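*Asks:* Before anything else, here's the structure in question.
The values are calculated or read from the model by the stated rules, or taken from the named source; none is laboratory data. This is a predicted model, so every value here is computed, not measured. Every residue, glycine among them, receives a Cβ derived from its backbone with ideal geometry; neighbour counts consider all protein chains shown.
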Amino acid sequence: MQVSVNTNDNINGTLVLPLWQDSDSMAEGSEAGVPRSLKNQIETILAAGDFKAKSGTAMTLAGTDGGKAMLIGLGKADDATLQSMREAGAKVTASLSKIHGKTITVKFSGMEGDHMGAFVEGMILRDYSYDKYKSKDDDDDSDDSEIHAHVTCEADKIEDLHKSANLSLAVASGVYLARDLGNAPPNDLYPMAFAEQAIEFGKEHDNVKVTIINYEQALSMGMGGLVGVGMGSARKPCMVIFEINPDMPGPSPCIVGKGITFDTGGISLKPPPSMDEMKYDMHGSATTFGVMQALVASGHKERVIGVTCMAENMPSSNAQRPGDVIKTYSGKTVEVLNTDAEGRLVLSDGLWYTGTHLNPSYIIDLATLTGACVVALGHEASGLWSNDDDLRNKIKEAGEHCGEIAWPMPLFKAFEKEMTDSKIADVRNLGAGRWGGSNTAAAFLKQFIPNKDGTDEQIPWAHLDIAGTAWGAKTNKLVKTGATGIHVRTLHHLITGQ
């Protein structure tokens, strides 16, 4: 989507008119430039109460000499939030059809600047589809051109709205990338294919350094978690390290992503229904890559690190078995009780490597880790665990600002005790029972967060379980279907303050 912000009264293409609930006329100032016949039609409909502008509603007017219009309901002004405005903007993009064309003019009048910015952001985020593998007939006359949105508002709000729209476009490029990676079929997106995309990303930007730890290197380094999960596949595992502005000094934010490009469950095979959705099991790494893209596109100047732990979890004669004991990069041993609890194993190596090699100010990992988190929070929120109250609160606030809820969950000592009571190893990869599975998974990960140099205090760390929010969230109105690109915006806002 192209977005241009100005005070021009001309109507280009279809007029998009956001309206508060129960408006009986157009807002003062929004009539400028609207052809009389179209204005009369709009005023007649509003005066008669035929369009009440309730939140989530839209009406198209066409067939007049004055052109076409789309009325968008904002709901009650007193109930407006940034998220409700994003969803109203998303309704525009979702409602566009051939009759509207690819050029629209959004006319704001008398609205707050942050509400207008959120509305435009919603339009941008909903303007995504994944059709890479769809054939197009030679006689298909559908218009694949980009949507061009002309946005008008009062002169004193132009500059701020222009900056907001440009930032939304930059960050959305990271969201789109994360969605592309999440939606990609697993026969084409396997661990080293992901790494190759990362290498190309590094070549395209002077301020990006990408390093790959391949299978042989991981093996020689003693990364038993990563190697153990991926050794059953012919497509071997790897670890990808992104450094944005690598020459900048000081401790830096580090984002670590689980990247299981396809998860059969391994020897502990998953049931067949919906196994195709296990291509999304790399969305933690997709988000990590997306955050790197968003930071580069928005011009962030500080050093930020991304680490993705890539593997394909397959059953074979060489696959990891239930009952195996592996030695992780940290030196700690893990009793593997279930090979379908594999994400925590690859993350154990990624977290320890990050904490001991990359000088983090804090570490945040993202993983489609547990079905138990979906049971607890549904598709409405990601689970959030942390060893640091300040970091937890900042992530929660950033998520609320972006409409991507991260809900605090407990890290009780009892959960840690449960995960460290293996009779034959330092840690077990599965809790003793079915209860609190997302909490015990987080407690497992906590065992692989190093202490700060010279202290008994761990590096600040947070874990986001995105199993319920990374795909298939039908209540997420900012995406049509498939991968959501969840928390690219949250983490960009957390890191940059924008």
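*Asks:* Looking at region 240-258, I want the residues that are in the same structural domain as A198 (by TED's automatic domain parsing) and within 18 Å of N214 (Cβ to Cβ) and have a partner that is surrounded by fewer than 24 Cβ atoms within 10 Å (Cβ to Cβ) and polar (S, T, N, Q) with Cβ atoms under 7 Å, at least 6 apart or on another chain. Which pairs are those?
*Replies:* I241/T211
*Asks:* Name every residue in region 1-55 that is assigned to a loop (DSSP other than H, G, I, E, B) and acidic (D, E), in order of residue number.
*Replies:* Going through region 1-55, the residues assigned to a loop (DSSP other than H, G, I, E, B) turn out to be 1, 7-13, 20-35, 48-55.
Selection gives D9, D22, D24, E28, E31, D50.
*Asks:* When you go through (1) surrounded by fewer than 22 Cβ atoms within 10 Å (Cβ to Cβ); (2) within 19 Å of the chain's Cα centre (by Cα) one by one for S316, which number turns out not to apply?
*Replies:* Just one mismatch for S316, condition (2).
*Asks:* Here is a further query. Among residues belonging to region 220-245 that are within 20 Å of L358 (Cα to Cα) and in a helix (DSSP H, G or I), point out the one that is farthest from the chain's Cα centre (by Cα). Reasoning before the result, please.
*Replies:* Filtering region 220-245 for residues within 20 Å of L358 (Cα to Cα) gives 220-226, 238-245.
In the following step, the residues that additionally are in a helix (DSSP H, G or I) were identified as 220-221, 224-226.
Values: S220: 33, M221: 31, G224: 28, G225: 25, L226: 23 Å.
The selected residue is S220.
*Asks:* Kindly indicate the residue of region 469-485 that is in contact with a strand residue (DSSP E or B) (Cβ under 7 Å, 6 or more places away or on another chain) and within 19 Å of W407 (Cα to Cα) and also surrounded by the fewest Cβ atoms within 10 Å (Cβ to Cβ) among those meeting that condition.
*Replies:* W471
*Asks:* Let me ask you something else. Filter region 1-24 for residues that are more than 22 Å from K157 (Cβ to Cβ) and surrounded by fewer than 16 Cβ atoms within 10 Å (Cβ to Cβ) and give the result.
*Replies:* Correct list: D22, D24.
*Asks:* Just the residues that are assigned to a loop (DSSP other than H, G, I, E, B) and either surrounded by 17 or more Cβ atoms within 10 Å (Cβ to Cβ) or among the hydroxyl-bearing types (S, T, Y) (or both), please, taken from region 56-75.
*Replies:* First pass over region 56-75, keeping only residues assigned to a loop (DSSP other than H, G, I, E, B): 56-57, 65-66, 74-75.
If the condition is that a residue be assigned to a loop (DSSP other than H, G, I, E, B) and either surrounded by 17 or more Cβ atoms within 10 Å (Cβ to Cβ) or among the hydroxyl-bearing types (S, T, Y) (or both), then T57, G66, L74, G75 are the ones that fit.
*Asks:* State all residues of region 422-467 that are of a type in the set (S, T, Y) and crowded, with 20+ Cβ neighbours inside 10 Å; if no residue qualifies, say none.
*Replies:* S438, T440
*Asks:* Where the second residue is surrounded by 15 or more Cβ atoms within 10 Å (Cβ to Cβ) and aromatic (F, W, Y) and the first is within 20 Å of A297 (Cα to Cα) and lies in region 208-221, which pairs have Cβ atoms under 6 Å and are six or more apart or on separate chains?
*Replies:* V210/F242
*Asks:* When you scan region 303-318, do you find a residue that is among the hydroxyl-bearing types (S, T, Y), assigned to a strand (DSSP E or B), farther than 19 Å from S382 by Cβ and in contact with a strand residue (DSSP E or B) (Cβ under 6 Å, 6 or more places away or on another chain), even just one?
*Replies:* We begin by selecting, within region 303-318, every residue among the hydroxyl-bearing types (S, T, Y); these are 308, 316-317.
Next, from what is left, pick out any that are assigned to a strand (DSSP E or B): 308.
Those left that are additionally farther than 19 Å from S382 by Cβ: none.
Looking through region 303-318, none of the residues is among the hydroxyl-bearing types (S, T, Y), assigned to a strand (DSSP E or B), farther than 19 Å from S382 by Cβ and in contact with a strand residue (DSSP E or B) (Cβ under 6 Å, 6 or more places away or on another chain).
*Asks:* Also, I was wondering about something else. Six or more apart or on different chains, Cβ atoms under 7 Å: show the pairs whose first residue is in region 145-173 and among the charged types (D, E, K, R) and whose second is surrounded by fewer than 20 Cβ atoms within 10 Å (Cβ to Cβ) and assigned to a helix (DSSP H, G or I).
*Replies:* So the pair list comes out as K157/G113; D160/G113.
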